[in-house]
Number of protein chains: 2
Amino acid sequence: MVKYAIVFGGVSFEHEISIVSAIALKDVLKYELDFIFIDTNRDFYHIDVKDMKSKYFSSGDYKKADKLNLKQGGFYKKAFMGEKKVEFDIVINLVHGGDGEDGKLAGIFEFFGVKFIGPRVEASVFSFNKLYTKLYAKEVGVKVVDYEVLRDRETSLKMDFPVIIKPSRLGSSIGVSIVRSKEELEYALDVAYEFDNEIVVEPFIEGVKEYNLAGGFGKDFIFSIVEEPQKSEFLDFEKKYMDFSRTEQVLKADIDESLKLKMQEEFKKIYANLFKGAIIRCDFFVIDGEVYLNEINPIPGSYANYLFEDFNKVVDEVSSNLPRARVINIEYSYINSIVKAKGK
Amino acid sequence: MVKYAIVFGGVSFEHEISIVSAIALKDVLKYELDFIFIDTNRDFYHIDVKDMKSKYFSSGDYKKADKLNLKQGGFYKKAFMGEKKVEFDIVINLVHGGDGEDGKLAGIFEFFGVKFIGPRVEASVFSFNKLYTKLYAKEVGVKVVDYEVLRDRETSLKMDFPVIIKPSRLGSSIGVSIVRSKEELEYALDVAYEFDNEIVVEPFIEGVKEYNLAGGFGKDFIFSIVEEPQKSEFLDFEKKYMDFSRTEQVLKADIDESLKLKMQEEFKKIYANLFKGAIIRCDFFVIDGEVYLNEINPIPGSYANYLFEDFNKVVDEVSSNLPRARVINIEYSYINSIVKAKGK
C-alpha cells in the first residue's frame, strides 16, 4: 500500500487554511499517513498523527516535534547514529497559497527527487498568478472574462463600474473587492496593493452563475461532481475558509448534462499539458450559455475531496501516473574533447 | 565587500556549459568567490578555487570536495562539532538550462532564504519555455514571430517551409533544426521530440538580422552593447558552447542609435515586471526595421560579461537591488477564533 506524507503549512496568507485542510484530510484518506509541517520560519517538522489538532500549531507546541532536513531523496531526522529517513512513497502537497502554489515546493520536490501530488513549477506559475491564468487559458482556447492589469500603485482604470479587484497572486479571495464607483476604487486598490503590486480588474457581473469542477488524470480524466458554490456576493476569505474543513459530499449543481460535459471539455483543455500529477479545481462562470474560466485552484482546500465520489481512488490513480522527469545523460563529452584538443 | 557564491552544474543538457561558464567568471569577477557545484546526482559540493578546472569535474575528482547541505539560511558542511555554514552574501545562479533556468533553483533559494542573482520562479518559467515567452512578450507589447505548437509526437504542420523547429524548453540551440521540405520534417521532429514533448515551430527567415542585448536593473537599467552574433545559418550547440568561455569584449553591432534605443525599449518591457534580480540577455530579430523578441536567456553563458563595459559594476548594482519577499504575518487569528468558539 502506498504511504503518503502530507506536507502543509508554509509561509503564506493561507497558512492556517492549510493546517485545517490537513486535519480534514487525515480522516478522509484511508492510507497510512505521515504529516510534515512547514512552520513560519520554513523549518520542517514531523508531526505525530495524534497531534493533528489546530491548537497544536497555533500554540507553538509543534516545536516539540522532530525537525526534518530535506536532502536528496527525501526528509531526514536526527537519530542515535547519524540520521534516519522518513519513510513514505509520495508527498501530497497541501500548502495553499505561497510556497505551495507558487512553484517553490514543486521546484524543491523535483530537485530533491521527492515524488508528489500537486502542480509542477510551470503549472504553479500559471495558476497562482491570475493574469498568467488568463494568458494560458486563451492559448489553450478557453474563454476568460475581460481584464485590465494595474501595477505599482497605479489607479486609473479604463473599465466601467462595477468591477471586481483581485491581487494577482493570492487565493481564497484575500484582498478581493467589488467596486461600484470611483469613490470606492481607491480604498479597494489600497487593500489589494497590500497583498500584491499587480492587480487584475474584471467587470463584475451581477448574479453570474459560478460552478466548480475538480479533477485529475490517472488512466483517464477523473471528474468530481459540478458544485454550485453558495455565495452572498462572492465568497470572502472567512466563508471559503470554513469551507475547507468540510469533509462531506455536497449537493450537485442543478445543471443539464450538456453544460456539465462542456465544463469537462474546458477542464481538459486547461489540465492536459500542464497539470499532470495534480488534483485541481477549475472555477467557471457561465454567461449566456458559454463557459468562462474564472480561476484555477491547483491545491484546493482539502483537495476538494467532498466533491468526489471516491476521493481515495482519485489519489490512487493520480499517484500511479505522476509525470516523470526526462532522463538527462551527462557524459562530459564536450569537456573531454576540449581537454583532449588542448592536450592537457 | 560583498562575497558571492557561484552555483553551477545541475542536471541539465547544459551541465558542461555551466562548468565552463563558472571557470570563465572566476577570472572576470573581482570579488571574493565561493564555488558550489551541483553534480549529476544533485548533490552540492564546495569547490576550492584552485580546483576550478574542467577536468576536475569530468574526472569525478570533485567528489573529494566537501559535500554541502542546504538548510534554512544557506549551505552547511560537516565540521568537527556539528556543522559550519558556508559564509557568503549572495549566490550567483550560473546553472544554465534545467534546474537553473526552469525555476527549481529559484524556488529553492527563495524557500531557503538565500539571496541570489538570477531569474525568480515566474521569470524562469516564462523564459525557459519558448511558447510561454511568446505569450508573455505579446502581453507586454513586444512583437514575436509567428509560431505553431506541436505536442506529443504530432507532426502535421500548417506553416509553409522553410521553418525552424525548436524544443520548447531547451536553450543553446539543442535539438533545433531548420527544415526546408516535408521530407526533412520527420527527422527534425524526431530529434526535437528527444528533448521535449512540446515543439515550437516558426517560419525560418533567411538572412534575418539578429542582435543580442544584455542588461539588468540596479538604480536604473544597465545595458550592454548590442552584439551581432556571428552565425553560419544559426548558432548551433557547439558554436554557442565555445562562446561561453569568452571573456573578452566583442565588437559592437554596426547599427544606428535609433535601432539601439528601440531594442532597449523592448528590453525594458520584457524585464520590467518579471526579471528584477536577474542579468538577462534578450535575443532580437530585426525585420523591416521592426524589433521582434526571439528568445530570453535569463542566465546567459558567463552572464554575457563580455558585452558589458564594466561587468563587476553590473553585478554590484543588481545585487544591491534584489527583489524582496513580501512579509507575511501569521498570527493564528482564525484558528484561535475557532478554538475559542468551540470552547476548547
Going through region B:201-217 in order, the residues found to be touching a strand residue (DSSP E or B) at 6+ places or on another chain (Cβ under 7 Å) and aromatic (F, W, Y) are B:F204, B:Y211
In region A:294-341, anything touching a residue at least 60 places away in the same chain (Cβ under 8 Å) and within 14 Å of chain B (Cβ to nearest Cβ) is listed as A:P298, A:G301, A:P323, A:A325
Worksheet item: Does B:V191 qualify as being crowded, with 19+ Cβ neighbours inside 10 Å and more than 14 Å from chain A (Cβ to nearest Cβ)?
Response: no
A:Y211 meets each of (1) within 14 Å of another protein chain (Cβ to nearest Cβ); (2) modelled with pLDDT of 95 or more with one exception, condition (1)
Test B:F275 against the stated conditions and say whether it is assigned to a strand (DSSP E or B) and either in contact (Cβ under 8 Å) with a residue 60 or more places away in the chain or assigned by TED's automatic domain parsing to the domain that holds B:G107 (or both). no
All-but-one check, A:E83 against (1) surrounded by fewer than 21 Cβ atoms within 10 Å (Cβ to Cβ); (2) at pLDDT 95 or above; (3) closer than 30 Å to A:H46 by Cα, failing number (2)
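Would you mind stating whether A:Y4 is closer than 30 Å to B:L68 by Cβ, free of Cβ contacts under 8 Å to residues at least 24 places away in the same chain and crowded, with 17+ Cβ neighbours inside 10 Å?
On the way: closer than 30 Å to B:L68 by Cβ: yes; free of Cβ contacts under 8 Å to residues at least 24 places away in the same chain: no; crowded, with 17+ Cβ neighbours inside 10 Å: yes.
The answer is no for A:Y4.
Taking the condition of being within 14 Å of chain A (Cβ to nearest Cβ) and more than 23 Å from the chain's Cα centre (by Cα), how many residues in region B:147-167 meet it?
6
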Counting only residues that are crowded, with 16+ Cβ neighbours inside 10 Å and small (G, A, S), region B:304-328 contains a total of 2
Pairs returned, first residue in region B:153-181 that is on the phi > 0 side of the Ramachandran plot, second residue that is exposed (fewer than 13 other Cβ atoms within 10 Å of the Cβ), beta-carbon separation under 7 angstrom, 6 or more apart or interchain, are B:G175/B:E194
For helices (runs of 4 or more DSSP H) lying entirely in region A:1-113, having 3 or more residues that are more than 14 Å from chain B (Cβ to nearest Cβ) and under 21 Å from the mean Cα position of the chain (by Cα) picks out A:15-28
Take B:N273 and tell me if it is over 20 Å from B:I255 (Cβ atoms) and either in contact with a strand residue (DSSP E or B) (Cβ under 8 Å, 6 or more places away or on another chain) or of a type in the set (G, A, S) (or both). yes
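Give A:K26, A:K30 a once-over and let me know the one that is out of contact with any strand residue (DSSP E or B) (no Cβ under 9 Å at 6 or more places or on another chain) and not assigned by TED's automatic domain parsing to the domain that holds A:A304.
The unique qualifying residue is A:K30.
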Flagged in region A:114-130 as more than 9 Å from chain B (Cβ to nearest Cβ), out of contact with any Asp or Glu (no Cβ under 9 Å at 6 or more places or on another chain) and surrounded by 24 or more Cβ atoms within 10 Å (Cβ to Cβ), in numbering order, are A:A123
Selection from region A:158-175 of residues under 20 Å from A:N129 (Cα atoms) and either out of contact with any His (no Cβ under 9 Å at 6 or more places or on another chain) or at pLDDT 95 or above (or both) yields A:V163, A:I164, A:I165, A:K166, A:P167, A:S168, A:R169, A:L170, A:S173, A:I174, A:G175
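Kindly provide the set of residues from region A:194-208 that are more than 14 Å from chain B (Cβ to nearest Cβ), in contact (Cβ under 8 Å) with a residue 24 or more places away in the chain and not hydrophobic (A, V, I, L, M, F, W, C), ordered by number. Explain how you work it out, then say what you get.
If we filter region A:194-208 for residues that are more than 14 Å from chain B (Cβ to nearest Cβ), which is where we start, we get A:201-208.
Subsequent filtering for residues that are in contact (Cβ under 8 Å) with a residue 24 or more places away in the chain retains A:201-206, A:208.
A:E202, A:P203, A:E206, listed by residue number.
The values are calculated or read from the model by the stated rules, or taken from the named source; none is laboratory data. For clarity, every value in this text was computed on a predicted model and none was experimentally measured. Note that we place each Cβ from the backbone using ideal geometry, even for glycine, and neighbour counts take in every protein chain shown.
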